[in-house]
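Single-structure report; data block below.
The values are calculated or read from the model by the stated rules, or taken from the named source; none is laboratory data. Remember, it's a predicted structure, so these values are computed and weren't measured experimentally. Cβ: placed from backbone, ideal geometry, glycine included. Neighbour counts: every protein chain shown.
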Amino acid sequence: MIEVENLTKSFGGGRGIHDLSMDIPGESILGFIGPNGAGKSTTIKLLCGLLKPDSGSASIDGIDVTPSNYDKIKKTVGYMPDIFGVYDKMSVWEYLDFFGAAYKIPVGARKKRIEEVLDLVYASHMIDYQVASLSRGMTQKIGLAKTMLHDPKVLILDEPAGGLDPQARIEMREIIVNLREIGKTVMLSSHILPELGTVCDLVAIVAKGELRAFGTVEEVSASLKEKLRYSLIVDSDPQVAEATVANFHNVSDVSLSHSEILFTFDGARTEIADLISGLVKSGTRITSLSEEEIDLESVFMKVTSEDDE
Ligand SMILES: Nc1ncnc2c1ncn2[C@@H]1O[C@H](COP(=O)(O)OP(=O)(O)OP(=O)(O)O)[C@@H](O)[C@H]1O
Ligand SMILES: [Mg+2]
């Protein structure tokens, strides 16, 4: 549904995005994740036709994102920017009615459509609220309702959960899952991976303008899991155990603190059995050997910290 091929946009000094390619199937949720300045908003703006790429291309629902197609892209895509303008002296109803008119939704159909989109974002009760009085969470919901007005197939949301409290974030996740259920394709950015991991069918991790990982959460975690970190706790001479571990193939970064030996193992998981028998032969009494659990947070940290090494 969203196809990106070698997309490049440079702002000079290495900033921007470089050679980004990915394919996002329809009716799925893509988490577009990366630290501040990674290039998330830049990519999103390129996809929506708000920026022109230096090279590469993108298409959405088969429509090439090129100036001559901008009108078609606008119909297909609902874009919610990270920051959107406030229209102070308007009620939520007036605000949505205004944009409904801009989207050329006929007057007769507009009321029903506004009620539908408010319902989708759990905000029906806010219809008469003043836009200026809305909290951050409410503003995000109304922003999303506005983005949904013309019933686009694809929703591209820049930091929809930015600045929301945990409760509001849970609700935003629920809303996004509901959108997939009604057949939408959703791409959403965030600088926090765990916030999205549970709802995303796919994640793309970007750092310094480059795509560092792409796939399902499991695939991305598994690709990093080849290099597993282990903790070994012994009830015998730890130095003997440390030396045995250090001599084993595919082992690196061995460290010892008290009776715990930490090490990285870059081999097949089944080979750990050989390491255990080697340890036993050397007279080591193992009280525990465990794999460090890779949670989403550490996946993210690993993928994005590679430039700092
Ligand atoms: N119009 C511009 N002119 C010059 N540099 C820009 C422009 N827009 C973005 N950049 C630079 O490109 C890089 C990527 O910016 P972008 O806004 O895409 O990051 P982001 O991933 O959305 O970050 P954040 O999490 O802070 O929103 C940054 O280094 C930024 O300073
Ligand atoms: Mg951004």
Legend entry - Condition broken by H125, with the remaining ones in (1) within 30 Å of G14 (Cα to Cα); (2) out of contact with any strand residue (DSSP E or B) (no Cβ under 7 Å at 6 or more places or on another chain); (3) not β-branched (V, I, T) satisfied: (1)
Inset, instruction - For K72, state whether it is outside any loop (DSSP other than H, G, I, E, B), at pLDDT below 95 and among the basic types (K, R). - result: yes
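To keep it simple, each residue is scored yes or no on (1) more than 16 Å from ligand 1 (Cβ to nearest atom); (2) modelled with pLDDT under 90; (3) not charged (D, E, K, R).
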site	(1), (2), (3)
G12	no, yes, yes
I17	no, no, yes
L20	no, no, yes
L30	no, no, yes
N36	no, yes, yes
I44	no, no, yes
L47	no, no, yes
S57	yes, no, yes
Inset, instruction - Among the numbered conditions (1) part of a strand (DSSP E or B); (2) out of contact with any strand residue (DSSP E or B) (no Cβ under 6 Å at 6 or more places or on another chain), tell me where G49 comes up short. - result: (1)
Inset, instruction - Assess whether G31 counts as being within 10 Å of A204 (Cβ to Cβ) and within 16 Å of ligand 2 (Cβ to nearest atom). - result: yes
Inset, instruction - Consider I105 carefully, then state whether it is touching a residue at least 12 places away in the same chain (Cβ under 8 Å), of a type in the set (A, V, I, L, M) and in a loop (DSSP other than H, G, I, E, B). - result: yes
Inset, instruction - Name the residue, out of L211, L232, L256, that is within 30 Å of G12 (Cα to Cα) and hydrophobic (A, V, I, L, M, F, W, C). - result: L211
